[in-house]
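Student: Please find one structure pasted underneath; my questions will follow.
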Amino acid sequence: MNPFTFYNPTKVLFGQGMVDKLGEEVLPYGKKVLLVYGGGSIKRSGLYGQVMEQLSRIGAEVHELPGIEPNPRVSSVRKGIELCRAHNIEFILAVGGGSVVDASKGIAAGVPYEGDVWDFYMRQAEIKKALPLGAILTLAATGSEMNGNSVVSNWEEKRKRSFGSIHTYPRFSILDPTNTFTVPRDQTVNGIVDIMSHVFEQYFSRTTDTPLQERLCESILQTVIETADAVLENPKDYNARANIMWCGTMALNGGLISAGMTNDWATHMIEHEVSAIYDIPHGAGLSILFPNWMKYVYKERPDRFAQYAVRVWNIPAEGKSQEELALAGIQATRDFFTRIGAPSTLGHYGIGQEHLDQMASETVLFGPVGSFKPLAKEDVGRILEMAL
Ligand code: NZQ
Ligand code: ZN
């Protein structure tokens with residue numbers, strides 16, 4: 001196990017009715033609030049009304065930034081920064097899925113910065129401070145509710161880039177599983193794939209002697225796998241939604257499950273480049289790419305992949321080599337994604353060879369990606385070809 005520092009400042013309020021605590025959670029930060037949300041799901045579900053009621057109860061002055069896109073645009077982040085400056089906003093409240101929370105983090109970091117916020121995403125500037133933000137999550141997937149990461153697209157440059165900062169952790173996150181009851185089936189599936197992928201990025205590590213971390217990872221994967229059918233059959237199953245939601249938060253919250261382990265993240269970086277050009281949902285891109293990444297890299301550590309097959313998928317080990325087990329675990333992953341309705345090829349979105357080279361180059365813009373097997377441009381190109 002490697003040395004590590006773990007610090008997560010986000011306060012989590014989990015469970016039905018927790019939105020009633022919103023007013024008292026916001027109040028310490030000020031009354032001038034920017035309310036950030038997406039394309040209207042929170043209005044249709046009634047959550048918007050509950051939020052406004054809470055904010056008016058504390059006498060908040062609310063300004064709104066609606067219309068945050070899935071795969072949020074830096075143009076929306078810039079709009080939010082202008083609103084904050086124009087109205088001396090003291091607190092940003094994100095109500096929505098990962099895209100809304102991510103855009104809000106960009107706004108929070110951009111307000112006190114004199115340059116263009118895109119600098120943070122292009123690693124040309126470091127975040128020194130940010131406005132405080134809070135979140136009410138409506139979709140279980142990204143972990144953005146309890147981490148400092150923001151992923152934003154620059155449509156003009158055809159780039160999707162991220163930053164991570166301790167200054168952009170939400171001060172609090174309200175996680176009420178009933179707010180995810182209205183998530184459509186495809187987005188629920190995308191969320192499940194994203195959650196599992198976050199675990200994969202940490203679990204498939206070269207670091208050894210980390211039994212607790214490995215079991216934390218495996219337990220999240222097992223819980224998601226055994227809950228998926230219930231949540232897909234009955235979207236209003238409170239316990240199933242609650243368990244998926246908590247898995248999502250646990251899977252990516254500042255490194256809890258992989259403390260002291262090197263992480264990979266190559267597949268996420270490749271997926272972001274696919275989304276940057278084709279605007280496909282993040283979870284769908286991961287479903288296409290991850291089993292291909294696994295096939296490309298498993299020989300680096302067949303023992304870890306064999307452990308994955310046995311412990312997560314209950315594949316009997318007797319009579320099988322590590323390599324056979326590894327391949328069986330990878331196939332089980334693909335079969336599960338297919339069974340829940342996630343796509344398996346780039347062709348599903350009509351994506352062919354056209355931009356493969358560009359996506360591979362952009363993935364390695366800052367050098368080789370991943371640590372399980374560091375990938376150069378040619379490796380990324382091969383994985384993308386396998387995914388066609
Ligand atoms: O815009 P609205 O109307 O709210 O609709 C959204 C959107 O169309 C809808 N939705 C959300 N909650 C709903 C709902 N519809 C009905 N009922 C609800 N309760 O779902 C659609 C997708 O929302 P989005 O926020 O884009 O999904 P998700 O949470 O999966 O976020 C994806 C974004 O997060 C980034 C991804 O790259 C992508 O841009 N990621 C962020 C990470 C982070 N911050 O740590 C890590 C991830 O790996 C990921 O990269
Ligand atoms: Zn992800």
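The values are calculated or read from the model by the stated rules, or taken from the named source; none is laboratory data. Values in this document were obtained by computation on a predicted structure and should not be read as measured data. Neighbour counts run over all protein chains shown; Cβ positions are idealised from the backbone, glycine included. We work out accessible area using only protein heavy atoms, side chains counted, and drop any ligands, DNA or RNA first. Shrake-Rupley method; radii C 1.70, N 1.55, O 1.52, S 1.80 Å.
Student: For segment 303-324, enumerate the residues that are under 23 Å from Ala266 (Cα atoms) and crowded, with 18+ Cβ neighbours inside 10 Å.
Tutor: Arg304, Phe305, Ala306, Gln307, Tyr308, Ala309, Val312
Student: Could I ask something else about it? Can you tell me which residue in segment 46-61 is nearest to ligand 2 (Cβ to nearest atom), limited to those that are among the polar types (S, T, N, Q) and touching a helix residue (DSSP H, G or I) at 6+ places or on another chain (Cβ under 6 Å)?
Tutor: Gln50
Student: Here's something else I'd like to know. I'm checking my understanding of the structure. Among residues of segment 134-176 that are within 25 Å of Thr338 (Cα to Cα) and crowded, with 24+ Cβ neighbours inside 10 Å, which one is farthest from ligand 1 (Cβ to nearest atom)?
Tutor: Ala140
Student: Which helices (runs of 4 or more DSSP H) sit wholly inside segment 229-335 and have at least 1 residues that are over 15 Å from the mean Cα position of the chain (by Cα) and closer than 20 Å to Gly370 by Cα?
Tutor: Result: 266-278, 282-297, 302-313.
Student: Right, here's the next one. So which residues in segment 137-185 are polar (S, T, N, Q), in contact with a strand residue (DSSP E or B) (Cβ under 6 Å, 6 or more places away or on another chain) and within 16 Å of ligand 2 (Cβ to nearest atom), if there are any at all?
Tutor: Asn149, Ser150, Ser153, Ser162
One line per residue, one yes/no per condition, for (1) free of Cβ contacts under 8 Å to residues at least 40 places away in the same chain; (2) assigned by TED's automatic domain parsing to the domain that holds Gln307; (3) in contact with a Cys (Cβ under 7 Å, 6 or more places away or on another chain):
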site: Trp155; (1), (2), (3): no, no, no
site: Ser162; (1), (2), (3): no, no, no
site: Ser165; (1), (2), (3): no, no, no
site: Phe172; (1), (2), (3): no, no, no
site: Asp176; (1), (2), (3): no, no, no
site: Arg206; (1), (2), (3): no, yes, no
site: Leu212; (1), (2), (3): yes, yes, no
site: Cys217; (1), (2), (3): no, yes, no
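Student: I'd like to know if segment 72-93 contains one or more residues that are touching a strand residue (DSSP E or B) at 6+ places or on another chain (Cβ under 7 Å) and modelled with pLDDT under 95.
Tutor: No: segment 72-93 contains no residue that is touching a strand residue (DSSP E or B) at 6+ places or on another chain (Cβ under 7 Å) and modelled with pLDDT under 95.
Student: Given (1) at pLDDT 95 or above; (2) within 14 Å of ligand 1 (Cβ to nearest atom), where does Glu114 come up short, assuming only one miss?
Tutor: Condition not satisfied by Glu114: (2).
Student: Which condition number in (1) out of contact with any strand residue (DSSP E or B) (no Cβ under 9 Å at 6 or more places or on another chain); (2) without any contact (Cβ under 8 Å) to a residue 60 or more places away in the chain is the one that Leu365 fails?
Tutor: Evaluating Leu365 over (1) out of contact with any strand residue (DSSP E or B) (no Cβ under 9 Å at 6 or more places or on another chain); (2) without any contact (Cβ under 8 Å) to a residue 60 or more places away in the chain leaves (1) as the failure.
Student: Moving on to the next point. Are there any pairs with C-beta distances below 7 angstrom linking a residue in segment 38-51 that is over 17 Å from Val62 (Cβ atoms) to a residue that is open to solvent by less than 60 Å² (accessible area, probe 1.4 Å) and outside any helix (DSSP H, G or I), with the two at least 6 apart or on different chains, and if so which?
Tutor: Gly39/Gly67; Ser41/Thr138
Student: Look through segment 186-238, keep the residues that are hydroxyl-bearing (Ser, Thr, Tyr) and more than 16 Å from ligand 2 (Cβ to nearest atom), and return whichever of them is surrounded by the most Cβ atoms within 10 Å (Cβ to Cβ).
Tutor: Step by step, filter segment 186-238, then rank; the result is Ser205.
Student: Would a scan of segment 17-24 turn up a residue that is of a type in the set (Gly, Ala, Ser) and in a helix (DSSP H, G or I)?
Tutor: yes
Student: For segment 98-130, what are the residues that are in contact with a strand residue (DSSP E or B) (Cβ under 6 Å, 6 or more places away or on another chain) and open to solvent by 30 Å² or more (accessible area, probe 1.4 Å)?
Tutor: Answer for segment 98-130, where residues must be in contact with a strand residue (DSSP E or B) (Cβ under 6 Å, 6 or more places away or on another chain) and open to solvent by 30 Å² or more (accessible area, probe 1.4 Å): there is none.
Student: Right, another one. Being under 23 Å from Val231 (Cβ atoms) and of a type outside the set (Phe, Trp, Tyr) is the filter here, so list the residues in segment 304-328 that pass it.
Tutor: Listed by number, the residues that qualify are Arg311, Val312, Asn314.
Student: Now a separate question. State the number of residues belonging to segment 304-330 that are acidic (Asp, Glu) and either in contact (Cβ under 8 Å) with a residue 24 or more places away in the chain or in contact with a helix residue (DSSP H, G or I) (Cβ under 6 Å, 6 or more places away or on another chain) (or both).
Tutor: 1
Student: Continuing with the same structure: In segment 322-340, is there at least one residue being assigned by TED's automatic domain parsing to the domain that holds Thr262, within 19 Å of Tyr278 (Cβ to Cβ) and not charged (D, E, K, R)?
Tutor: Yes, there is a match, as at least one residue in segment 322-340 is assigned by TED's automatic domain parsing to the domain that holds Thr262, within 19 Å of Tyr278 (Cβ to Cβ) and not charged (D, E, K, R).
Student: Another question, if that's okay. Is one or more of the residues making up segment 359-373 farther than 19 Å from Asn190 by Cα, in a helix (DSSP H, G or I) and open to solvent by 20 Å² or more (accessible area, probe 1.4 Å)?
Tutor: yes
Student: While we're on this one: If we keep just the residues of segment 69-97 that are open to solvent by less than 10 Å² (accessible area, probe 1.4 Å) and closer than 23 Å to Thr178 by Cα, which is nearest to ligand 1 (Cβ to nearest atom)?
Tutor: Gly96
Student: Mind checking whether some residue in segment 42-61 is in contact with a Ser or Thr (Cβ under 8 Å, 6 or more places away or on another chain), in a loop (DSSP other than H, G, I, E, B), surrounded by 23 or more Cβ atoms within 10 Å (Cβ to Cβ) and of a type in the set (Val, Ile, Thr)?
Tutor: The answer is no; no qualifying residue exists.
Student: Still on this model: Hey, can you tell me all the residues within segment 239-278 that are closer than 21 Å to Thr138 by Cβ and either at pLDDT below 95 or of a type in the set (S, T, N, Q) (or both)?
Tutor: Result: Asn239, Asn243, Thr249, Asn253, Ser275.
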